[in-house]
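Read the figures in this text as sums done on the coordinates, not as results from a lab. Treat the numbers as computed from the prediction; the structure is a model and nothing was measured. Note that each Cβ is placed from the backbone with ideal geometry, even for glycine, and that neighbours are counted across all protein chains shown.
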Amino acid sequence: MKSRQAGVLLHPTSLPNTHGRAGQLNEEAWRFLEWMQRAGLCLWQMLPLTEPHEDLSPYQAVSAFALNPALLPDRWQDSIEPEALAAYLQSPPHWLDDYALFKTIRQSQKLASWRHWPHELKMREPQALAAFAAEHAEAILQLKTEQFALQTLWHKFKVDANRKGIELFGDMPIFVAYDSADVWANSQQFKLDEEHNPTVVTGVPPDYFSETGQRWGNPHYNWAVMQADGFAWWRKRVAAALELFDLVRIDHFRGMEASWEIDASEATAINGHWVKTPGEALLQALQADFADEQGRLPLVAEDLGIITPEVVALKQKFGLPGMSVLQFGFNGLPDNPHSLAEQVENSVAYTGTHDNDTTLGWYESLDEGAKQWIWQQLQPLAMLHLAKAGLPESMPWLLIDAALHSVAERVIVPMQDWLALDGEHRMNVPGTPDGNWRWQFDWSQLSSGLATKIHSLLEQAKRL
């Protein structure tokens, strides 16, 4: 790793697509790599690549392992090599059979959650599964072929990115969806009752933002079972992620120390309670598998929100970089970890994330007094840098420049901020059910010479 890196946050579905569909792993993805190389950006962070449910959220997936078939370009079948496919099917990834069978059953049940499937299929009775698989062999084979094509294409994409000096930065939700192949096929690894329904679900307690907390609804892991088998499922999950990415963010890292458990019968998160997680033992197992020669794990801890000393100690024990979001850094409170004065080297600094408004949208939503106060802090520092790069002394460039000149080893800027787009272009509004995860950029939004101007900013910040 370079000592100081800069990159972009952009999900592949946000790539341009001339066919009116979500972005795909087609020529546009390779074109974006070339643009990043010209700009000097060496980190491409993405959201989870797994297949989402119907709401399109990448954080609630049909499988924690299978890639999203929507990423396949047109005419992908033409690239299939029969011998390579046969070898893949002969020795498939451990998750492939369960995923293909799960998704085929789900489609036959009109996308109903597996808790509503016929009992023999819900409970995985061997004869019922074998009969279904035989009857739907063609559909199952199609799904396996899609995964082969995706894995093959992604490997080529990653090799090409790395050759251009670009590392791929992935994202792993700590919890998985109940309606997933993972829970259906590994029920003993989760806290389920005799009918395989969740006994407790995930969330966070009431806080300043919500009087009732947040009830996410994901099933909790049966950590005792996972620890007894050496965290085999987790180790396979991280291994699969590191085949796709050079670096992986663990979403809701706080759950590695303790998780908020809510009885499944509760409508809100109010009556939950904290339950300790064997996160240290898990991270030790991952360290044994994946640490480099210096003992460093290729993981980033998403440690946003209210973080306890125990979580900080766990992160620091394993040397994991945390996160800071500069949009959160202007509340004037002391010891704010997101403020410019509190940045640390072993971290990833963001102007904003996929859950934030764009930096321009955020700034425009502030009152005039707050705008003036922020401007006074940022403008004198950025004035010379932006002028030299030929960029305006305005948002979002003021905050981008501040991030780049921070001590943080890694800086990630959402593509919307590199394009100086307003709030109409944000990726997700947490807590709202519709209209999220659909944003795409267009090449016409890249102003002339933008890559050269970004390159100048990175050079001035010693991030090349």
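For Lys388, the lysines whose Cα falls under 19 Å of its own Cα, not counting residues fewer than eight places away in the same chain, are Lys453, Lys462.
Go through Gln60, Leu10, Leu71 and say which Cα lies farthest out towards the positive end of the charge dipole of region 1-83; charges sit on Cβ, +1 for Lys and Arg, -1 for Asp and Glu. The one lying farthest along the dipole's positive direction is Leu10. The mean sequence distance of close C-alpha pairs (under 8 Å, at least 6 residues apart), as a share of the length of region 224-287, puts its relative contact order at 35 percent. Helix 27-39 and the longest principal axis of the C-alpha atoms of the chain enclose an angle of approximately 30°.
Provide the percentage of antiparallel DSSP beta bridges, counting only those with both residues in the chain; round to the nearest 5. If I count the DSSP bridges inside the chain, around 40 percent turn out antiparallel.
Packing around the peptides 264-274, 19-29, taken as the average count of other Cβ atoms within 10 Å per residue, puts them in this order, highest first: 19-29, 264-274. To the nearest ten degrees, helix 137-163 and the longest principal axis of the Cα atoms of the chain are 30 degrees apart. Pair-distance distribution P(r) for region 235-303, from all Cα-Cα distances in 5 Å bins starting at 0: 4, 14, 20, 23, 14, 9, 9, 5, 1, 0 percent. Among the listed options [x] 23.8; [y] 29.2; [z] 22.6, the one matching mean projected area of the Cα convex hull in nm² as calculated from these coordinates is [z]. Charge dipole of region 252-298 (Cα centre as origin; +1 on each Lys and Arg Cβ, -1 on each Asp and Glu Cβ, all else neutral): 100 debye, rounded to the nearest 20.
Taking label positions 7 Å along the Cα-Cβ direction at both Gln109 and Gln142, the computed distance is 2.0 nm, reported to one decimal. Simple point charges give the picture: +1 on the Cβ of Lys and Arg, -1 on the Cβ of Asp and Glu, and for region 131-219 a dipole about the Cα centre of about 580 debye.
A Förster radius of 41 Å combined with the Cβ-Cβ distance from Ser365 to Ala387 puts the calculated FRET efficiency at roughly 0.90.
Taken along the Cα-to-beta-carbon direction at a fixed 7 Å, the label points for Ile306 and Met123 span 4.2 nm. Relative to the dominant Cα principal axis of the chain, helix 96-108 is inclined by about 80°. Going Cα to Cα from Lys191, which lysines come in below 17 Å? Please leave out same-chain ones fewer than 8 positions away. Answer for Lys191, where 17 Å is the Cα cut-off: Lys122, Lys276, listed by chain and number. Each Lys and Arg Cβ is given +1 and each Asp and Glu Cβ -1; about its Cα centre, the chain then shows a dipole of about 1000 debye.
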